[in-house]
Structures are given as C-alpha cells and as structure tokens.
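Here's the structure we're looking at; comments come further down.
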Amino acid sequence: MHRVRYFGAGPGALPLEVIQKAGQDLPDWRNTGASIMETSHRSREYVQLHEASRSMFKHLMGMDENWEVLFLQGGATTQFAMLPMNFLGPYKGADYVLTGAWSNKAFNASRYFGPSRIAADTRENEIYTRIPAMSELDMDADATYCHLTTNNTIYGTQWKKLPETGKVPLVLDMSSDIMSRQLNLDDVGLIYASAQKNLGPAGVCVVAIRKEMLDRANSDLPEILSYRAHAAKSSLLNTPPTFNVYMMKLVLDWIESRGGVKAMERLASAKASLIYDIIDSSNGFYKCPVPESHRSKMNAVFSLPDEQMENELVAKAKADGFTGIRGHRSLGGLRVSMYNAVSLESIIELAAFLKDFAKRNG
Ligand SMILES: Cc1ncc(COP(=O)(O)O)c(C=O)c1O
C-alpha cells in the first residue's frame, strides 16, 4: 500500500484506521448483506447509527440535553444563508466579526435576511493576519446573535478565547477546528461545521443548536430550510447523506478512543509547536505573517523568500511523499494543515523535511 503524508486544508486527512474499517465494512454492513450506501435511511440499522452519531457528537462536545444536533447538506456555505434565514428579519439583525474570507461570506449572505452589522473587521492591506482584541469589538446588545469563525482556514489565525457577548448568543463557524479544542459553551447558541476537515469526508455539515435558541427560530420557512423542521424530525426530514454520517461516526469513535477532545487539543498543541518552531528558528527563511498569540493550531501559513523557492519546496516535498502544502490560491505561500487525523509522526517528519530544506537553501 502506498500512502502519502497529506496536509491538505480540506478535504483533510482521515485516520487510516477509519478508512480501513470502512473498506472492510463496505460490501456487507452490519450483516445486512448490503453496503451502508444501499441501506434505507428508515431502516432500524441506519436509524440506530444516526442516533448514535448524534449522541456521540454531543458527548464529545460536552453538550447536554439542551442541545439539538442536525446533519445537513450543502456544506457550511449553505449555513451562511440558512442561519440568518432562520433567525433574522426586517428588524432583527446580527453582529458579524470579520476575520477572513469565510466570515465575510457569512456576513454577505446574512444581509439578504436582516440588518446585520460588522462588529469588527481586522482586514489590513487586503489580508487578515489577526483576531481582534475584545476592546475592538463594537457589539450591539440587541443583536440576535454574534457570529464568528473560530479558525480561519485560509489565513491561519484562530480565536484562543471566545469573546464575552452578554446575553447575545454566540454563533460559531467551527468548520476547521471542531473537536480539536475544548470550549466553554456557556455563551454559545449555535455551532456549525462542515465535516471535511475534522469530522469525516465532505458531504455533511453538522449544526448544533441550543434548544432555547431553536425556540426563537423563524417558523415561516420551507421545511428543508428550517432548523425547527429538521429538529422536529430528528434530522431525518429527508434522505440524509447516509454514507457520510456513517464515516463521521467512525471518526467520532476514533476521537473517543484516543481520549476525546481533550486529547485532540493536546495533540494539536504539540503538532503546531513543532511546525511554528521550525518557522521561527529558520532565520527568516520561512515567514509566518501571523503574530504568535493569534496563530492557528490547525493551519500554519508561511512563505519562503520567493515563489520559485516555494515551487521547489512543493516539488521536493511531493517527491518525498508530503502533499497538500500549497497555500490557498488567494494568498499563495504554503499552508500546513494539522487536523486531528494528521499524526504527530507525520508532523515530525515534515518538520525535519522543512528544517533540512531551509538548511540547504537558506
Ligand atoms: C472556516 C470555514 N467555513 C466555511 C467553509 C465552507 O465550507 P463548505 O465548502 O463545506 O461550504 C470552509 C471551507 O473550507 C471553512 O474553512
């Protein structure tokens, strides 16, 4: 078997054990004589899997019975629109904190549904390199919610501590750091996350809503776009992405078996330190534009002295079995994604490669 060390930003790496288990299960899932893809979403076996996945998600996130978990389609991008559609109105706006491309997209989508405001925007010289300080947030005490992106996949920044928003519930896009950090959920009303970084393959988006917030959702919506309608049907309103839910359950079980989110958080810190240490000790050969306390533990972005050198590095890395490290097309440079399924061993090997490359070319 030939496997590369994959550091792509999304779809991200999956645990090898999960891929192998899925391979074994595929022709005959749970002795049904059929694959999960050929199983009815109304069957006893699927409904059991569906409920077990919802429960495991809540268990790992430390969510109690006051939370509802939905498995939806259309990615986080659909949530950029569905969220405001469900909560805003002509006189009901939300606050958005802009820290990168994804939060801008979320904000732009929200403006179709209500008078949303920008509570802070850290863009400088066309790019984002930091998270705002609490003192920079201009929040509306009457906002329906306050939205932020916990980890900025493209710019490599991450909120280390959530802002205090008083009685305004926080809404978090956690697509690229879900299950990699423990969170105090006291002020959080809703979390959404596309699966394809830390939860499984692309095709399912998890939305977790505090029931108190769900009770305030608009009800005059087509069923398929209504959180209330999905929740009332235990997220089985229409055919769910059954294979993706199955894969996600395998990933959730894998996280649980490794010690849960607490263990993932420790691992993320260890991996991130290894990569940032190489960058910081390279005498300026590698440059990370993000100040230390704002750096993402999921996506490290950095550049080399010039583009040609970056191309050389990417080619040499590929030849050595390291892939997925080119930066986002809007930003250039390099990006190393260190999601949960990227092993410490992979990061140690990549760090050694980067160190060696800098020594030879610096
Ligand atoms: C933080 C964040 N939010 C939203 C998205 C969009 O997700 P999707 O492509 O599933 O719609 C991404 C994709 O990379 C992301 O990183």
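The values are calculated or read from the model by the stated rules, or taken from the named source; none is laboratory data. Quantities reported herein were computed from a predicted structural model and do not represent experimental measurements. We place every Cβ from the backbone using ideal geometry, glycine too, and count neighbours over all the protein chains shown. Quick note on the areas: whole protein, heavy atoms, side chains included, nothing else; ligands and nucleic acids left out. Shrake-Rupley method; radii C 1.70, N 1.55, O 1.52, S 1.80 Å.
When the accessible area of region 16-257 is split by element with a 1.4 Å probe, what percent falls to carbon and sulfur?
50
If you stretched the chain out fully between D25 and D140, how much longer would it get, using 0.36 nm times the residue separation minus the C-alpha to C-alpha distance?
Going from the current span to full extension adds 36.3 nm.
Enumerate the calculated ³J(HN,Hα) couplings along region 133-138 in order (Karplus 6.51 cos²θ - 1.76 cosθ + 1.60, θ = phi - 60°), each rounded to whole Hz, writing x wherever the residue is Gly or Pro.
Working through the residues one at a time gives 6, 3, 5, 8, 7, 9 Hz.
Go ahead and estimate [θ] at 222 nm for the chain from helices alone: -39,500 (n - 2.57) per DSSP H run with n ≥ 4, summed, over the residue count, rounded to 500.
After summing the helix terms and dividing by residue count, I get -11500 deg cm²/dmol.
With a Förster radius of 45 Å, plug the Cβ-Cβ distance of K233 and R360 into 1/(1 + (r/R0)^6) and report the FRET value to the nearest 0.05.
0.15
Report the extension gain between A202 and E349 in nm, rounded to one decimal, defined as 0.36 nm multiplied by the number of residues separating them, less their alpha carbon distance.
50.2 nm
Report Rg/Rh for region 204-362, rounded to two decimals, where Rg is the Cα radius of gyration and Rh the Kirkwood radius.
1.11
Provide, as a two-decimal number, the C-alpha radius of gyration of the chain over 2.2 N^0.38 Å, N being how many residues it has.
Cα Rg divided by the expected 2.2 N^0.38 Å: 1.01.
How much of the accessible area of region 261-361, probe 1.4 Å, is carbon plus sulfur, in whole percent?
50
Evaluate the charge dipole of the chain about its Cα centre and quote only its size in Debye, nearest 20, assuming +1 on the Cβ of each Lys and Arg and -1 on the Cβ of each Asp and Glu.
Taking the Cα centre of the chain as origin, the dipole is about 480 debye.
Exceeding 22 Å between C-alpha atoms, which entries from my cross-link table qualify? They are K21/K249; K249/K318; K197/K249; K58/K92; K167/K249.
Listed pairs above 22 Å: K249/K318; K58/K92; K167/K249.
Which FRET efficiency value, to the nearest 0.05, do you get for R42 and R258 by plugging their Cβ-Cβ distance into 1/(1 + (r/R0)^6) with R0 = 30 Å?
According to the calculation, E is roughly 0.35.
Per residue, how much accessible area does region 173-262 have with a 1.4 Å probe, in Å²?
Heavy-atom accessible area per residue stands at 36 Å².
List the pair-distance distribution P(r) of region 1-101, using every Cα-Cα distance, as the percent of pairs falling in each 5 Å bin from 0 up to the bin containing the longest distance, rounded to whole percents.
2, 8, 11, 14, 18, 17, 13, 8, 5, 3, 1, 0
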